[in-house]
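First up is the structure itself, then whatever we jot down about it.
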Amino acid sequence: EISLGLVGSEMCIRDRNNPVYYLKGVSNLRASIISAELGLSRLNDLLHFFPYRYIDRTKFYKINEIINNNSEIQVVGSISALKTIQQKNGARLTGKFQDETGAMELVWFKGYKWLKDSIKINTPYVIYGKLNYFKGVFSIVHPEMDLLEDYNRKLQTKLQPVYSSTDKLVNSGVSNKIFRGYLQDLLQQIFEQIQESLSAELIVSQELIGKKEALLNIHFPTSPEMLEKAQYRLKFEELFFIQLQLVRKKLIRKNKIKGYVFAKVGDSFNEFYSKYLPFNLTNAQKKVLKEIRNDVASNAHMNRLLQGDVGSGKTIVALLAMLLAIDNGFQAAIIAPTEILASQHFNAIQELLHKMNISVALLTGSSKVKKRREIHEGLENGQLNILIGTHALLEDKVKFHNLGIAVIDEQHRFGVAQRSKMWQKNELPPHILVMTATPIPRTLAMSVYGDLDISVIDELPPGRKEVKTVHRYDSNRLAVFKFMKQEIEKGRQVYVVYPLIEESKAMDYKDLMDGHESISREFPMPKYQISIVHGKMKAADKEYEMQRFVKGETQIMVATTVIEVGVNVPNASIMVIESAERFGLSQLHQLRGRVGRGADQSYCVLLSSFKLSAEAKTRLKTMVETSDGFKIAEVDLKLRGPGNMMGTQQSGVLNLKIADVVKDTSILYKARNAAIEILQDDPNLLKPANIFIHKTYAEISKTTGAWSNIS
């Protein structure tokens, strides 16, 4: 049993929002270091800063039981003598520590003057630390020490918490032992004030322990079983309140935020669908289109995430949604993250609509002043139907007559503040359709985009063949060149992609210029023509080289990842990725999506060195084994963790303290279902049974920013 009796003379800390320096023993200086190093500025932050591992302190050794392979040991005994030994660099303090079975040595290099005065000779101590063995003598350097009398009074647990720390913290005197002491003092003072945050019904239905018990046992577990229960309770709670916010946002948006109503399916949509649709829609595309039509026909505001692999036909679905807007007297916009991608959308849509009476314009950072004026005028008087562009669309001077729908492509490249600008273009917010070719694992989608409606195109258009993927080592390069020549003989084209622009002295990788040189030797002019494209080129030069490749004037495109999004060349049948081990899974998948766009069989060759990390092997093996974007995304999530995927660390949602959306999937599903069930029954959390949930939700909502309705 853990005793939590308050220390009589200490005043209770009732407000957990007080600064950390309210705690006994925490000076202003230490508080500022704790805040700077760990981000903990309030007592509540400290309470919710959980240990990352635990040390088993159940075993006490007798000195004669110690063997050389013990790592960390705990012994009860007393110090019979202390001695200061002078060294070249200062001095050290040694102590003879003994119990009834034998003796060992304790050593201190720092703070020994203070220790010499404070250590009590021939008084029982509990010591703990890492064991050393030298010249037949066991010793512990800088042991953790407690007087046995004090040890017996403490919050003793069989599992001792270990907290994340930094060198700066340790050097300022905040060791793990000191930090544990802060947590112990805090818990002793506020334990009775800790309030429940979940309803009694939820605690029973989910078989959870109470909040007080959970916080006590996460810091000072009474047993491994109680630690497990505490971890489960706190993970569930963390995921539950995230889902509660996301699900509630979705309900508010659907019920309160009004959107423009696209009441009819008119001439533009019908004419394009019956006359100019380049291929029959897949069942997946039809399903998504139906979901969009239902959204925009209602009085609610659409906020939909459209996921689909490269080449699955997202742009056609987006175009049909924009035609619905035009038929109802509204304008439409597409925002892309790069000029290349914006230009590709513009060219594709202009080509599809060129026989129809619909005006389309392109606005990027490179647009000339005269062209900009024309676009601004056409937008404001309503004559311009569709505007496609980059961040340039978000500028304040870009004003629409009546923007009905905004399509955001590769949305993770846009910050929330940028996206919010689209909302300010109109009296009512335009419908938002967010597109991504980066498949998002379901768990991540539920955690980051849980407030959006999600549509998936999980079917490729008919006639598309799966790209064959192989992994080859650098020593197979000549065989790869031979295969490239065979494909070029058939009239096909080839991409060769490099990760670097300039040689990196630190890493032995083929860089782009070296690669271009060796390919030029192997594929000499005039028989072969080669394009080269990289990020340091001027936009006009890039465009010129890309157009040569698109027109078939060059057979090989040597490039960096600037072609990850952008070029659509159905005749290109081989993607060779140099130093493939240097690319992330989603990048490899995107690059592979550049081929396989025509009717011919296409290939992706992953070239790597023999020196591969275990993670690199997993990535390359995954690419060879599957072309399913969602399976690849699941592997990517496991390898990289949620924080590093698609810039989700910017979302703030996944700043998780204890839960993990990869490992705790089952808890995530339970938490989301519980949130949905509660909100369906009590949308505003006003029923007496939900009073604790409402109070906690209100506190959390204060600190999560003002972007609650923006996708």
Which residues, taken from the stretch 121-165, are among the basic types (Lys, Arg) and within 25 Å of Glu65 (Cα to Cα)? Lys130, Lys135, Lys158
Among the residues of the stretch 329-340, is any surrounded by fewer than 16 Cβ atoms within 10 Å (Cβ to Cβ) and more than 21 Å from Ile440 (Cα to Cα)? yes
In this structure, does Lys177 turn out to be farther than 22 Å from Ser71 by Cα, of a type in the set (Lys, Arg) and either open to solvent by 30 Å² or more (accessible area, probe 1.4 Å) or touching a residue at least 12 places away in the same chain (Cβ under 8 Å) (or both)? no
Within the stretch 591-619, work out how many residues are in contact (Cβ under 8 Å) with a residue 60 or more places away in the chain, open to solvent by 10 Å² or more (accessible area, probe 1.4 Å) and either more than 27 Å from Gly308 (Cβ to Cβ) or among the polar types (S, T, N, Q) (or both). 3
For the stretch 231-263, which positions are among the basic types (Lys, Arg), more than 30 Å from Leu47 (Cα to Cα) and open to solvent by 30 Å² or more (accessible area, probe 1.4 Å)? Lys250, Lys254, Lys256, Lys258
Residues that are assigned to a helix (DSSP H, G or I) and touching a strand residue (DSSP E or B) at 6+ places or on another chain (Cβ under 7 Å): does the stretch 213-220 have at least one? yes
Against the conditions (1) assigned to a helix (DSSP H, G or I); (2) closer than 18 Å to Ile194 by Cα, where does Leu244 fall short? Just the number, please. (2)
Among the candidates Lys286, Lys275, Lys254, which residue alone is among the charged types (D, E, K, R), in a helix (DSSP H, G or I) and within 30 Å of Ile632 (Cβ to Cβ)? Lys286
Starting from residues that are free of Cβ contacts under 8 Å to residues at least 12 places away in the same chain and either open to solvent by 90 Å² or more (accessible area, probe 1.4 Å) or in contact with a Lys or Arg (Cβ under 8 Å, 6 or more places away or on another chain) (or both), keep the ones in the stretch 346-368 and report whichever is nearest to Val407 (Cα to Cα). Glu351
Quickly run through the stretch 410-436 and pick out the residues that are at pLDDT 75 or above and either open to solvent by 10 Å² or more (accessible area, probe 1.4 Å) or more than 27 Å from Ala297 (Cβ to Cβ) (or both). Leu428, Pro429
(1) out of contact with any strand residue (DSSP E or B) (no Cβ under 9 Å at 6 or more places or on another chain); (2) over 24 Å from Arg672 (Cβ atoms); (3) open to solvent by 20 Å² or more (accessible area, probe 1.4 Å): which one isn't true of Gly266, the others all being true? (3)
Got a number for residues in the stretch 641-684 being in a helix (DSSP H, G or I), at pLDDT below 60 and among the β-branched types (Val, Ile, Thr)? 1
For Lys275, work out the one condition from (1) at pLDDT 90 or above; (2) crowded, with 16+ Cβ neighbours inside 10 Å it doesn't fulfil. (2)
Identify all residues within the stretch 107-142 that are assigned to a strand (DSSP E or B) and charged (D, E, K, R); write none if there are none. Lys130
Is it the case, given these coordinates, that Ile140 is of a type in the set (Val, Ile, Thr), surrounded by 14 or more Cβ atoms within 10 Å (Cβ to Cβ) and within 42 Å of the chain's Cα centre (by Cα)? yes
Please state which one of Asp117, Asp146, Asp167, Asp150 is among the acidic types (Asp, Glu) and within 15 Å of Phe60 (Cα to Cα). Asp146
One residue is enough: does the stretch 184-196 have a residue meeting the conditions in a loop (DSSP other than H, G, I, E, B), touching a residue at least 24 places away in the same chain (Cβ under 8 Å) and farther than 29 Å from Asp146 by Cβ? yes
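The values are calculated or read from the model by the stated rules, or taken from the named source; none is laboratory data. Since the model is a prediction, treat every value here as computed from it, not as a measurement. Every residue, glycine among them, receives a Cβ derived from its backbone with ideal geometry; neighbour counts consider all protein chains shown. The area values use the complete protein model at the heavy-atom level, side chains included, leaving out ligands, DNA and RNA. Shrake-Rupley method; radii C 1.70, N 1.55, O 1.52, S 1.80 Å.
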